[in-house]
Each structure stands twice: as structure tokens, then as C-alpha cells.
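**Student:** Encoded as C-alpha cells, here's the structure I'll be asking about.
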Amino acid sequence: MSEATYSRLQIGLHWLVAMMIVLLWLIEDEAVHVPLGLAMFAALAVRVLVRLVRGVPGPAEVTSPAMARVARWGHLALYALMFLAAGLGVVYWLDGGDAMEDAHELASNALMLVALGHAAAAIWHQAVLRDGTMARMRLRPR
């Protein structure tokens, strides 16, 4: 299913999960990191459910088929890395072990790199293409 715009709920969940991920990447204190990570995992699950039920807008009109494929794969990579980093974090928290910690950190760092690429692409759409892509995720009043 494809919608013309993102819902306020989708926009709110996008920014909530994004801010939680940045905080999680910066904060190592287990007393903060673990509950925040679990809350991010829950918010991510809600975000995916809303996405599956409501759908998402198609690519901007100026987007070429190649750019649309790159965007799709980029979004898939973001979701996969969000779930992977969170899942590995839960396993590390429950079971411990250096290997799990290393895997969680690697997935988290990969997530941040892909997220930076995502942000750079959004800025490029805004500044170069001027296609309104960023406006679709703007927090806006009622």
C-alpha cells in the first residue's frame, strides 16, 4: 500500500527512533543505555507495524528508477541494522560476552554510517534537487 504522505504518527516515530539511536550511540552507561535501548526496540516495532498497515509515499517525482532502487535498499539496510543492533544488544545484555559486545558495537557503528548516508541523501534532495523530500518528514503542527 502506498500513501500520498506520511502520517503524523509515522513522522513522530521516525524522529523519536532517530533521536533514541543517536543517544544510544553516545551513552554507554548501562543504567541508561539498556532501558533506552529496550524503549527504542519497542518504538521501532511500532514504527514497522504502522508502516506495514499504512504504507509509505512513493519516491519523489524527480527520482530516477536507479535512485528509487538505491533509496529502497538504503531504507532496508537502515531497518535491518536497527533490528540487528537492538537484537544483539538484548542478547549481549542477557548473556554477556566480549563477542556479543563486539557484534553489537559493529552493528551500531554500521547503523550510524548508513544513517549518516541517509541524512546526507535527504540534505542532497533538499539542497540540490529541491524536490520536497525532506518536507515529507518535517514535524508540523496540526
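The values are calculated or read from the model by the stated rules, or taken from the named source; none is laboratory data. A quick note: this is a predicted structure, and the numbers were derived from the prediction, not measured. Please note: Cβ atoms are built from the backbone with ideal geometry, for glycine as well, and neighbour counts cover all protein chains shown.
**Student:** Would you confirm, using the coordinates I've provided, whether Met100 is without any contact (Cβ under 8 Å) to a residue 60 or more places away in the chain, surrounded by 12 or more Cβ atoms within 10 Å (Cβ to Cβ) and more than 21 Å from the chain's Cα centre (by Cα)?
**Tutor:** On the way: without any contact (Cβ under 8 Å) to a residue 60 or more places away in the chain: yes; surrounded by 12 or more Cβ atoms within 10 Å (Cβ to Cβ): yes; more than 21 Å from the chain's Cα centre (by Cα): yes.
Spelling it out, Met100 is indeed without any contact (Cβ under 8 Å) to a residue 60 or more places away in the chain, surrounded by 12 or more Cβ atoms within 10 Å (Cβ to Cβ) and more than 21 Å from the chain's Cα centre (by Cα).
**Student:** If you scan segment 28-56, which residues turn out to be outside any helix (DSSP H, G or I) and loosely packed, with under 14 Cβ neighbours inside 10 Å? Spell out the reasoning first.
**Tutor:** Step one: filter segment 28-56 for residues outside any helix (DSSP H, G or I), giving 28-29, 55-56.
Hits for segment 28-56 are Glu28, Asp29.
**Student:** What pairs come up if the first residue lies in segment 1-30 and is under 18 Å from Leu49 (Cα atoms), the second is modelled with pLDDT of 95 or more and among the small types (Gly, Ala, Ser), and their beta carbons are under 6 Å apart, counting only those six or more places apart or on different chains?
**Tutor:** Leu16/Ala43; Val17/Ala43
**Student:** Right, something else. Can you find a residue that is out of contact with any Gly (no Cβ under 7 Å at 6 or more places or on another chain), over 18 Å from Ala4 (Cα atoms), in contact (Cβ under 8 Å) with a residue 40 or more places away in the chain and among the aromatic types (Phe, Trp, Tyr) anywhere in segment 38-52?
**Tutor:** yes
**Student:** Continuing with the same structure: Ala60 fails exactly one of the following numbered conditions: (1) assigned to a helix (DSSP H, G or I); (2) small (Gly, Ala, Ser); (3) touching a Leu at 6+ places or on another chain (Cβ under 9 Å). What is the number of that condition?
**Tutor:** (1) is the only condition that Ala60 fails.
Listed here are the residues, each with its yes/no results for (1) touching a helix residue (DSSP H, G or I) at 6+ places or on another chain (Cβ under 6 Å); (2) not β-branched (Val, Ile, Thr).
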{"position": "Ala85", "(1), (2)": "yes, yes"}
{"position": "Gly89", "(1), (2)": "yes, yes"}
{"position": "Met100", "(1), (2)": "yes, yes"}
{"position": "Val114", "(1), (2)": "yes, no"}
{"position": "Ala127", "(1), (2)": "no, yes"}
{"position": "Arg138", "(1), (2)": "no, yes"}
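**Student:** Could you check segment 91-127 and list, in sequence order, the residues that are more than 22 Å from His14 (Cβ to Cβ) and β-branched (Val, Ile, Thr)?
**Tutor:** Val91
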